[in-house]
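Working notes for the structure below.
The values are calculated or read from the model by the stated rules, or taken from the named source; none is laboratory data. Values in this document were obtained by computation on a predicted structure and should not be read as measured data. A quick note on method: Cβ atoms are made from the backbone with ideal geometry, for glycine too, and the neighbour counts reach across all protein chains shown.
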Amino acid sequence: MVLKISRKVLPWIFLAPMLIMIVFSWIAPVLLTVYLGFTDLSSKNFLDFVRNFFTEKVHFTLENFDKIFFAKDPYIVEALTITAIYVLSVLSINSIFALVLSIAIAYFIRNEVLSMILRVSWLIPRIMPGIIYALVWNWFIDPKYGMLNTLLKIVGVPEAWLPESWLLTPPYSQLLMIMVNGYVGASFGMIIYTAAIKSIPTDIINAALVDGASDFQVARHIIIPLLKWPMLFVISWQTLSLLSSYEYILMIWGSGGGGGYAGIARAAKVMVWSLYSYSKAFAAEEHLYGYASALSLILVITGVVLIVLYFKLFGFRRLMEPSRIEV
Amino acid sequence: MAHSAQIKLSTVLPVILLIVGIIIGFAVGFAVRPPAPTPTATPSPSPTVKVIKITVWASGSPVDITRVDNIERAASILNRMFEAAGVPVKIEVEKQFFRGDYMEKLTAAFAAGEAPDIIAMKNLPVLADGGYIIALDGYVEKYKDLLNDVYPVLWNAVKYKGKIWALPQDTEARPLYFRKDVLRQLGWSEEEIEALPEKIENGEVTLLDLIEVAKEAMDKGLVQWGFYHRPNFGGTPFVILYYQYGGILQDPETGKLVLDKSAMLKMLELLYRMAQVDKVLPPTMIGTSWRQIHADFVNGRVLFWFGGTWHWAEWQRVAYHEELGELPEEYEWENIGFALVPAPEPGLKPMTLSSPYLYYVTAQAEEPEIAFLLIELATSAPIDAIHSVDSGHLPVRSTTVEQPYYKQSKFHREVAYMLEYTSFEPLHPKWGAYKDAWITAITKVEKGEVTPEEALDEMVETLKAELGDELIIRD
């Protein structure tokens, strides 16, 4: 039996499995987050809620947003500030530093074996299980037994500049938060950029070199302009990922176990917005699902706004147009 | 130009259906996956016997596995009774033991209608307010003859909003451990060392005295630090010190949380003094790894440790000592002593803290009375003794101390008196928010980042915003 399928229908058939996944794993949770953000759902009325989605015991309320927007929650301003520092700093490492690293590895280092070894070395934290990565950092930063302070002293950092505790002393604790996430995150951008650089036809680069361009000029005027599309992708992806990521902070600052990490993270000034949301939903004894959803909703909206902004900045339409030159 | 593709349906359709099926299968399977039970070795009874399946969930450190095993022991007793009486009923226990908090799994199980029948955890107010558990007053009244040996003070830990919601599963004391070998090196005689717990109990020795001893030991290079406390909240010694300075945490009439500013300030000032003035406590104690804390104490690098009774058992089972590994109990008796948390200063009282673990019958239990009988039997003296001794906790029944298995434990005999000095944390759904604000203040004060007064002001503002009407502030 032979079936004629329209070309308009065929892509949807192939896309169907992915679309189903997106509906279940992204759209449904977002809709649920929007709904819950306007409720007072907590462990108190959770059982009524799961029995009846529209139970009267779960109340519609604007109180969650009132607490957020009018800073009635004492941690909101601090969480916002810390999140801004965290996202901007780690994003710089993950996109700008990763770009510099990729150009160095993929263009300046001509030895393919050495280039590969460097790429793999940056990938190690990414292939390492997250909990091991966090544990290694915990050992590394230990002021007594760890290597970090020792290494810093060897390179000439005065002992007086070193913190008693990398975990608890701001801004060192914030620096640690940025390093931990930046080191593992840089590898993602590096892989994308390196692949893109390797796909640039050598003819273009050789032509520029023949014309007398220096390596720096090649990087500045040929490689970077051709990486706009991967840069947009990396920055967008990493922004969304950073806005919602807190797992390494939770693993490192909560490694003592026994709960109470929320108070410690606040004292260390590493309580990012997503971790705050998580702590309200799952660490607080009341399990404030409604308030945590409202906090998460702010993250979703922030992420969407930033993506639109990136598209404008990078000229998304122009990027989507067919290439004017044969590359 | 052709606008359609010719594809064999018999080729494409099964592939698409397979992919979609696998994805949906995974999603559905994941969503409805029941908790993996640990089936007991009980053989299947004959078809004429009614089988009642009871599921129990609990958590704790590895030595606390008796929290689920004891339900199985209780079921075994009950089954033998049924058999003797010719009752065609057999109880089978499915048990699951977690290392950490399992509240998320519990809510998911409730949502799926597959909640266990019995749970062991703390969190009473949340469980009661949320309808996860049932009040046990009726059963307690019906079977009160079997409950009259529960320590009276422990009933306070299971009462909430005028009802009894649980039976105490275990309790503990939070002693101050000290290194006898270091005191010997300081020139203390054996008699002086052995008399220290009693002097602390009588109020002759206070925390201020021990701070001086710690300073001396540090000055002589015998230890690296005088004191260690927990790396997170956990109640010890913060709640104890606050109570010792006269603070209360819960208003007995309204049930609201209380912040006594005077007591809180004194507690913060004491910690500030220990960490920043006398420098006998690491200023970065909060956040230190548990392994380092235990290793430093059992290896004699710290003189005093605000620990828990269960640590005595933990040191025997976890290899913290750099040469000996797991500590033989003889080593502990030779080198480690324990006492109540001393009065912070003369005129105040020594104290300890208990945070009882509780057995609950859930709202989804199909046979709540059977479940109640199981928890009642599981906490009865002979079985209570097994859990107490094996896990280093203290018993919940006064008659447990007469059990042969309990009697052979010297440690339990010697710490039993501490229950007379015990206190409890409040039972309130917003206690978690209170603890978070408190540990933030402690962390900042010990580091010297803020003064005790500034930390208290910050804490007051935070608690006002977080607790609202549920907070009473007293000067």
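One table, with the values for the structure above:
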item: All helices (runs of 4 or more DSSP H) inside the stretch B:368-455 with 3 or more residues being over 20 Å from the mean Cα position of the chain (by Cα); result: B:368-378, B:404-407, B:410-415, B:431-447
item: Residue match in the stretch B:281-294 (condition: out of contact with any Ser or Thr (no Cβ under 7 Å at 6 or more places or on another chain), outside any loop (DSSP other than H, G, I, E, B) and more than 14 Å from chain A (Cβ to nearest Cβ)); result: no
item: Unique match (being part of a helix (DSSP H, G or I) and touching a helix residue (DSSP H, G or I) at 6+ places or on another chain (Cβ under 6 Å)) among A:A160, A:A186, A:A195; result: A:A186
item: Residue in the stretch A:29-43 that is within 8 Å of chain B (Cβ to nearest Cβ) and among the hydrophobic types (A, V, I, L, M, F, W, C) present; result: no
item: Which numbered condition A:F314 misses (of (1) at pLDDT 90 or above; (2) in contact with a Leu (Cβ under 7 Å, 6 or more places away or on another chain)); result: (1)
item: Test: residue in the stretch A:101-120 that is crowded, with 16+ Cβ neighbours inside 10 Å and within 19 Å of A:I252 (Cβ to Cβ); result: no
item: Flag if A:L168 is modelled with pLDDT under 90 and either closer than 30 Å to A:F233 by Cα or among the hydrophobic types (A, V, I, L, M, F, W, C) (or both); result: yes
item: Residue within the stretch B:338-349 that is among the small types (G, A, S), part of a loop (DSSP other than H, G, I, E, B) and either closer than 29 Å to B:Q185 by Cα or touching a Pro at 6+ places or on another chain (Cβ under 6 Å) (or both) present; result: yes
item: Yes/no for B:V63 being within 25 Å of B:N123 (Cα to Cα) and assigned to a strand (DSSP E or B); result: no
item: Enumeration of residues in the stretch B:295-309 that are part of a helix (DSSP H, G or I) and surrounded by 20 or more Cβ atoms within 10 Å (Cβ to Cβ); result: B:D296, B:F297, B:V298
item: Residues of the stretch B:250-280 satisfying the condition of being at pLDDT 95 or above and in a loop (DSSP other than H, G, I, E, B); result: B:D278, B:K279, B:V280
item: Residue check for A:I178: under 17 Å from A:V100 (Cα atoms) and outside any loop (DSSP other than H, G, I, E, B); result: no
item: Any hit, the stretch B:255-275, residues being touching a Ser or Thr at 6+ places or on another chain (Cβ under 6 Å) and touching a residue at least 24 places away in the same chain (Cβ under 8 Å); result: no
item: Unique residue being assigned by TED's automatic domain parsing to the domain that holds B:R317, in contact with a helix residue (DSSP H, G or I) (Cβ under 9 Å, 6 or more places away or on another chain) and modelled with pLDDT under 95 when the list is B:F227, B:F297, B:F233; result: B:F233
item: Any pair with Cβ under 9 angstrom, 6 or more apart, that starts in the stretch B:423-452 at a residue that is more than 8 Å from chain A (Cβ to nearest Cβ) and ends at one that is of a type in the set (K, R) and in a helix (DSSP H, G or I); result: B:E425/B:K435; B:V450/B:K444; B:P452/B:K266
item: The stretch A:143-152, subset under 17 Å from A:L175 (Cβ atoms) and exposed (fewer than 14 other Cβ atoms within 10 Å of the Cβ), residue farthest from the other protein chains (Cβ to nearest Cβ); result: A:L151
item: Residue among A:I178, A:I132 that is more than 14 Å from chain B (Cβ to nearest Cβ) and more than 22 Å from B:I286 (Cβ to Cβ); result: A:I132
item: Residue match in the stretch B:429-445 (condition: out of contact with any Leu (no Cβ under 8 Å at 6 or more places or on another chain), over 25 Å from B:L377 (Cβ atoms) and of a type in the set (G, A, S)); result: yes
item: Where B:V239 falls short, out of the listed (1) outside any strand (DSSP E or B); (2) surrounded by fewer than 24 Cβ atoms within 10 Å (Cβ to Cβ); result: (2)
item: Whichever residue in the stretch A:44-60 is away from chain B (no Cβ under 11 Å) and surrounded by fewer than 16 Cβ atoms within 10 Å (Cβ to Cβ) and, among such residues, is farthest from B:I133 (Cα to Cα); result: A:F60
item: Residues satisfying the stated conditions in the stretch B:370-410, i.e. in contact (Cβ under 8 Å) with a residue 24 or more places away in the chain and among the small types (G, A, S); result: B:A371, B:A378, B:S380, B:A381, B:S388, B:S391, B:G392, B:S398
item: Failed item, numbered, when B:A75 is tested on (1) assigned to a helix (DSSP H, G or I); (2) of a type outside the set (D, E, K, R); (3) over 30 Å from B:R317 (Cα atoms); result: (3)
item: Meets criteria (of a type in the set (D, E) and touching a helix residue (DSSP H, G or I) at 6+ places or on another chain (Cβ under 8 Å)) for B:D101; result: no
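Table: residues versus (1) in contact with an Asp or Glu (Cβ under 6 Å, 6 or more places away or on another chain); (2) crowded, with 17+ Cβ neighbours inside 10 Å; (3) under 30 Å from B:L154 (Cβ atoms).
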{"residue": "B:S388", "(1), (2), (3)": "no, yes, yes"}
{"residue": "B:K410", "(1), (2), (3)": "no, no, yes"}
{"residue": "B:R413", "(1), (2), (3)": "no, no, yes"}
{"residue": "B:L419", "(1), (2), (3)": "no, yes, yes"}
{"residue": "B:F424", "(1), (2), (3)": "no, yes, yes"}
{"residue": "B:T443", "(1), (2), (3)": "no, yes, no"}
{"residue": "B:P452", "(1), (2), (3)": "yes, yes, no"}
{"residue": "B:K464", "(1), (2), (3)": "no, no, no"}
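Listed here are the residues, each with its yes/no results for (1) more than 21 Å from B:Y245 (Cβ to Cβ); (2) at pLDDT below 90; (3) out of contact with any helix residue (DSSP H, G or I) (no Cβ under 8 Å at 6 or more places or on another chain).
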position	(1), (2), (3)
B:E446	no, no, no
B:P452	no, no, no
B:L463	no, no, no
B:D469	yes, no, yes
B:D475	no, yes, no
